[in-house]
Every structure is written in C-alpha cells, then in structure tokens.
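Heads up: the structure comes next, in structure tokens.
We did not get these values from a lab; they are worked out from the coordinates using the rules stated. None of these values were measured; they are calculated from a predicted model. Every residue, glycine as well, gets a Cβ built from its backbone with ideal geometry; the counts of neighbours run over all protein chains shown.
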Amino acid sequence: MSEILNVTGSDYTGGSIERGESSVQRDTGALRRKYNFGDMISELALAQDPFFRFVSMVGKKPTDDPQFKFTEKRSSYSKRYAYMADYSSSAISVPGTNPDHADLTPAAGNVYSFSFFTDYSKNGNKQNVFGKTADYYEGVGADVQPQFFLPGQIIKVAYFNTTGGTNGTSNGYTLWKVNSVDLSTSANHANVNATCVKGATNVKFHDSTDAASSAPLSASSDTVDKTEAYEPYKCYVVGTAFGAGTGYPETWQDQPYTTGHGMTQIFKTSAVMNNTDRATVLKYEGNEWARIWKEKLIEHKWDIEQALLFGNQSEAYGTTEGACNFISTYGNAFSLNTATKTQDSFLDDLSAMLDPRYNNASSTVFFCSTAVYNWLHKLSGYFANNVEISPNFNADFAMSGKKKVFGIDMTTISTIYGDMNVARNVHLDGTDIKMLGINMKYCAYRPLVGNGLNRDTGIYVGVQTLENSGVDRRVDQILTEAGMEWCCPETHAMWT
C-alpha cells in the first residue's frame, strides 16, 4: 500500500510515502504470517449470505486467469419449430401471400410452398426470454432462418377457422411432406415446397404479423410472452417418410455453441489493531482483536454476497458479474406483487420457467426477500391450515417440509412442477427483486488459483518501512479474488 488511511478508534495515524509524510503505528505482530481461510469464511453467520454459501460449497471452480472464458451449449433437438411468414397455394418458389387472408381447403396431394422463420438464433441457439423485448424475430438481421427443414420430413402446420385466431387456440392441423427446401433466397426465411398429406376445410393459416394475434414475434419492440402463447402458431417436424431403397437422405448441422467470458474481482477489507489493545482484557468480549477479526471476516463475506448478487461485469473497473444483472439481461423476468399475485398465476410462471423442452433445472434454488418468503409460506400453508379435506388430500402447492442445506434453512414447497427449494436472502430486502430462481448447476464461484498460489479468501499481514523515519507501517488486510461463471440463462428467472 502506498497510503494508509486514519481509522477511527485506533491508536494509529497515517501518512503518504509519496508526499514524504511520516506515520506512526504500534506493533501488530505476526508480520510474516498468511492465514488462508479457503471455505472457512463461508462458515461464519451462515444465514446472512446464502448465495455465497451455496456457490462456495457446491460451485467452486478455480481459474488460473483473472479473465476466463467459457462455452455454452444449447442443444437444438427440442427447437425444431418455425412460424409461417407467407404461403402460396400454387407452390411458387418464393411464397408471398400473407396468411389469414382467405379460406383454404388443402387436400391430400396438393402442393403448396411456405416461408418459415423462428424466434431464436440459428447460431448458438440463443432464444428470447419471457418478459423482455424480442432479440430474435421475423425482421431483417435477426438471424432466425430455420436450418432443420429437409426433404422427406413430415411437418405439422396448425390453422385457425377465424381471422386472427380464436383466443390463441388452433382449430386443427394439416400434415405436409417436404419436397425441397431453399435457404438461399432470404437470410431470415426458409422456403419449403411441400405436398399435403392430411388436409382440412375452412383453413386460415396462422398469421405471423396480424396485430390481433399474440404471436409470433415480428418486431424488435414486441415483448416476449410465455411459451404457451406461441404454441398454436408453431410448425413442428413430426417425423420422416421415405420409400424402400431411396438411399441416404439429406442432413443438417446445427451450431449449438456460444462463448462468453467472466472476470475475477478483488475484495479487500482492512482491520487495524495495536498490541496494547490486544493484551487488554475487556468486559463482555475479552479479546478485542478476536472480536474485530471475526467482524471483519463477516463484513468481508457480506460484501462478496452483495457483489455476487448485484455486481456488473466490467473490465474497466475489474468487477465480476452478479446474479441479478445476469438474469435481468438473459433470464426470464416475471412480475410478483404479493398483494395481487395468486397461486394460479405463480404456477403459470413456474410452467414457463420449467418447460422441459428448454429447461431441466432440477437444481434450482429460489432466493427470496423476507416479504416473499412470508408470502410463500402463507400461500403454501393455506390448504394445510384451513382447507383440510382428508388426510389423503394433497394440494398442488403446499409446504412439505424444512431442512438445512449447507447450514442454510431451506423450505420445500411441493408444486405440480416439482419441489421448490426456497431460501430467505435478506440482501434482496428493499430492492425491486422479489425472488431469484437460480439453477445452481450452472453457476460457479471462481477463485484465482495458479502457479502454486491460491487467491481464495485469506488474511495477509503486510509491513512497509519509511526510510526517512525508520518507523514500521503495518496493516492487516483481508484479500480475496473471486468471480462468477454463468451458463444456460434460460434456466434462471427473476420475479420483480
């Protein structure tokens, strides 16, 4: 340190070496010892910082570079769906008829052409998330051309009987066998020539740009709805059909990988003590240095928890990414007003978050503020306390038990989508964030470790000598380097 600041309540004065100022401080002792705490710091005041406790115990992945890179893989097998942009009943190569404009009666053997797009990127399979404005939509430059259509496939195309749909509910579906696929005409559309296998009457194909429809997304200003709202508009691959001896079919190659990078962050908490105070026995807590030492460790851990929740990754400032910032950017965002939120609407949120086609988040922990923690207990305990029908009756949303996980009090709430593991996090109190649903399998605490050095949480005692006065300048420092790694943002959610 080039400069030491005055500390209130200590027998200590500070000055700057660069300015030639003198400094006097009494002996702190143990000048050459380094106390490495490692995981021990997370043992202090467990309930105060549950997120740091979890990631330090189950998600510690040391890195040997303060700026580390990682790769995310998003498999495409569950995303072989598309939305219709245009069609042609005469099967022209570039269809240009907007759906929903006329009644159709496709029959088996009829040949049509369709133009399709998706609501996710074909590179890396990056997708929109609920509650945000659309990143991937029909517009130019959205990188949403379907790559998976192949000759010989059978595709399912749903339809409405009325203009604009019937409250988002389709009236049936048609089946088509793909004859050919053209990806060269448009960067965002796949043009598909297909023969009808199963027809219908009074058909209006789903309109991709009809303002009366809730889907699909056609502009960057659209706010993403829940997955269920888009289902009636999706065209799915439902198998293939080939004749005997027809040879090897065409194939396609997806690009499921995206890369990102994280930063470690240096946290410092300073403490000062002189030997006179160390040797003095006081009332209540006799060893003042032991008290300060413990308090500073807890203060240090508190700061890490705050950063791991609310931090913003920045190379300029050397800060790591926090859970709230990451989820607000990449994850699902739901609303939660405990005065108006119902059990039914909350289960709808869970349905959107835990859709098995996109998210197998079996390791999700729900960190919530005190108010929401109380609300969940009231909501889940309502059946057990007030509407008990029989000993064999099970509610769809009921508190089923409590347990301790790594020393953290955890409430288990049973829902139709599996058990919710809920932990109170006081750091969310007073913020606009009511609850964080984080899949702990896909986040990590990354201390800097390399070349035989471990920069995890530890205590360092340093000494500097003033050449002009010969007086030792000593300061106790608590120093750590930490970082967060995040993957699969669709597995995380935030309620505000």
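Residues GLU305, GLU299, GLU72, ranked from the fewest to the most other C-beta atoms within 10 Å, line up as GLU299, GLU72, GLU305. Pairs exceeding 25 Å between alpha-carbon atoms, taken from LYS61/LYS402; LYS234/LYS434; LYS61/LYS301; LYS156/LYS204; LYS378/LYS402; LYS132/LYS156: LYS61/LYS402; LYS234/LYS434; LYS132/LYS156.
What's the exposure ranking of LEU453, LEU354, LEU217, LEU428, going from fewest to most Cβ atoms within 10 Å?
Details: LEU453 9, LEU354 20, LEU217 27, LEU428 23.
With the fewest neighbours first, LEU453, LEU354, LEU217, LEU428 line up as LEU453, LEU354, LEU428, LEU217.
Applying 1/(1 + (r/R0)^6) with r as the Cβ-Cβ distance of VAL238 and LYS268 and R0 = 60 angstrom yields a FRET efficiency of 0.50.
Compute the signed sum of charges (Lys and Arg +1, Asp and Glu -1) over the other residues within less than 11 Å, Cβ to Cβ, of HIS300.
-1
Can you pull the Rg over Rh of region 81-240, Cα-only, Kirkwood? Numbers along the way, then the final one.
On the way: Rg = 14.4 Å, Rh = 15.4 Å.
Result: Rg/Rh = 0.94.
Neighbour counts of other Cβ atoms within 10 Å put TRP289, TRP495 in the fewest-to-most order TRP289, TRP495.
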